[in-house]
Each structure stands twice: as structure tokens, then as C-alpha cells.
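The values are calculated or read from the model by the stated rules, or taken from the named source; none is laboratory data. This one's a predicted model, so the numbers in the text were calculated from it and none came from an experiment. When the accessible area is computed, the model is the full protein with side chains, heavy atoms only, and any ligands, DNA or RNA have been set aside. Shrake-Rupley method; radii C 1.70, N 1.55, O 1.52, S 1.80 Å.
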Amino acid sequence: MWADRTGPVAGVPLTGDVITARVIAAAMLAPAGLALVLLGLARAVRWLLDRKRLADWEAAWTSTGPQWTPRG
């Protein structure tokens with residue numbers, strides 16, 4: 001039976017192979033997770049910049065458009 005520092009029964013200590021497998025899995029998953037976070041951030045920034053660009057275009061067209069339309 002194993003106990004932790006506070007006294008309750010704890011699980012059996014991990015073996016070296018299990019620790020190695022967990023380290024390898026973390027080393028492979030961490031960059032993938034970071035890539036997903038950065039991809040999501042890039043998409044959010046692009047979406048915000050597109051909104052601003054379209055709003056600026058609309059404002060420019062609102063001021064320029066009436067000059068191009070025939071007055072009736």
C-alpha cells in the first residue's frame with residue numbers, strides 16, 4: 001500500500017517507462033496545441049482587420065459614390 005504525504009492511500013508510483021511515454025506524448029502534443037492556438041489567434045486578427053478594412057472601404061465609398069452617380 002502506498003500513501004502520499006498527507007496520509008491517504010495513493011496509487012502505485014509510476015514506472016520509468018510510463019514517465020518516458022508521458023514526456024514523449026507531452027513533447028509531441030505541446031507544439032500541436034501551440035500551433036492550434038496561434039492559428040486561432042491569426043484567424044481572429046485577420047477577421048478583425050477585414051472588418052476594419054471593409055468599414056474603411058464603406059466610409060470611402062459613401063463619400064465618393066455620390067460624385068459618380070448621375071443626379072436626377
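Going by the structure shown, is Asp56 at pLDDT 95 or above, open to solvent by 70 Å² or more (accessible area, probe 1.4 Å) and assigned to a helix (DSSP H, G or I)? Yes, satisfied. When region 1-52 is limited to residues that are of a type in the set (Val, Ile, Thr) and in a loop (DSSP other than H, G, I, E, B), the one that is least open to solvent (accessible area, probe 1.4 Å) turns out to be Thr15.
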